[in-house]
Amino acid sequence: MAIVGGSCRFGLWYVHVWWDGDVVHRVRFAETGIPGTVPAPVLQYCAGRPVDLSRMNSVALEHDSLFSRIYRSVRDVPYGATATYGAIASRCGTAPRVVGRAMAHNPTPLVIPCHRVVAARGIGGFSPSVEIKEALLAMEKKGKTRVKG
DNA sequence: TGCGAGAGCTATT
DNA sequence: AATAGCTCTCGCA
């Protein structure tokens, strides 16, 4: 199956998604949109519904490197919750900075919810803008509180 | 190739 | 406040 791409809005940003069947190859945030559609769960997620995006597959999980293990641990962080870099690190038997590196190179944000990984003191970083991280966390907090979507 | 420094951090002096 | 710890990447030779 060929890789197809598309985008949808998230607040002031656009979410670009490239996927192939049920495997997500790449997700990124941008200021402009591109033609095409995104997987339904992503669309619902961006609309504020508490969708469990961890059910989608990501290319980041296909290998068995340390990074993949980190991504799997991060993916286990549920909607509306957060974990610290240190917590993920100890779960994978590595150091917090390594988790930071893994997050920085996360090919599929949202599917691998790297925005739910925060610093022990403070929110931590996010690329391309930490505003997105804040917005995502705020949205999830709201979405979790809301009884019905 | 091969070495050194620094990254979306943290716990420990 | 400074530093070591861990893995990966990039720059420079």
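The values are calculated or read from the model by the stated rules, or taken from the named source; none is laboratory data. The model shown is predicted, which means the values in this text are computed figures rather than measured ones. Here Cβ is always computed from backbone atoms with ideal geometry, including for glycine, and neighbour counts include all displayed protein chains.
Summary of values
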read-out	value
Filter result (of a type in the set (D, E, K, R) and more than 15 Å from A:Cys8 (Cα to Cα)) within region A:25-79	A:Asp52, A:Arg55, A:Glu62, A:Asp64, A:Arg69, A:Arg72, A:Arg75, A:Asp76
Which listed residue is away from DNA strand C (no atom under 15 Å from the Cβ) and either touching a residue at least 24 places away in the same chain (Cβ under 8 Å) or surrounded by fewer than 14 Cβ atoms within 10 Å (Cβ to Cβ) (or both), from A:Pro107, A:Pro113	A:Pro113
Residue check for A:Ala138: of a type outside the set (Val, Ile, Thr), surrounded by fewer than 21 Cβ atoms within 10 Å (Cβ to Cβ), more than 7 Å from DNA strand B (Cβ to nearest atom) and assigned to a helix (DSSP H, G or I)	yes
Residue match in region A:80-103 (condition: closer than 22 Å to A:Trp19 by Cβ, at pLDDT below 95 and surrounded by fewer than 18 Cβ atoms within 10 Å (Cβ to Cβ))	no
Condition met for A:Val17 (in contact with a Leu (Cβ under 9 Å, 6 or more places away or on another chain) and among the aliphatic types (A, V, I, L, M))	yes
Residue satisfying all of: in region A:50-61; away from DNA strand B (no atom under 16 Å from the Cβ) and not in a helix (DSSP H, G or I); nearest to A:Pro107 (Cα to Cα) among these	A:Asn57
Flag if A:Tyr45 is within 12 Å of the chain's Cα centre (by Cα), in the same structural domain as A:Arg9 (by TED's automatic domain parsing) and more than 15 Å from DNA strand C (Cβ to nearest atom)	yes
Test result for A:Ile132, on the phi < 0 side of the Ramachandran plot, outside the structural domain of A:Ala30 (by TED's automatic domain parsing) and crowded, with 19+ Cβ neighbours inside 10 Å	yes
Residues that are of a type outside the set (S, T, N, Q) and either at pLDDT 95 or above or more than 16 Å from DNA strand C (Cβ to nearest atom) (or both), drawn from region A:48-66	A:Gly48, A:Arg49, A:Pro50, A:Val51, A:Asp52, A:Leu53, A:Arg55, A:Met56
Search result, residues across region A:71-109 that are more than 9 Å from DNA strand B (Cβ to nearest atom), farther than 27 Å from A:Gly48 by Cα and of a type in the set (Val, Ile, Thr)	A:Thr94
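Matching residues to (1) part of a helix (DSSP H, G or I); (2) over 29 Å from A:Gly122 (Cβ atoms):
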site: A:Val38; (1), (2): no, yes
site: A:Leu43; (1), (2): yes, yes
site: A:Gly48; (1), (2): no, no
site: A:His63; (1), (2): no, yes
site: A:Arg69; (1), (2): yes, no
site: A:Val74; (1), (2): yes, no
site: A:Val77; (1), (2): no, no
site: A:Ala81; (1), (2): no, no
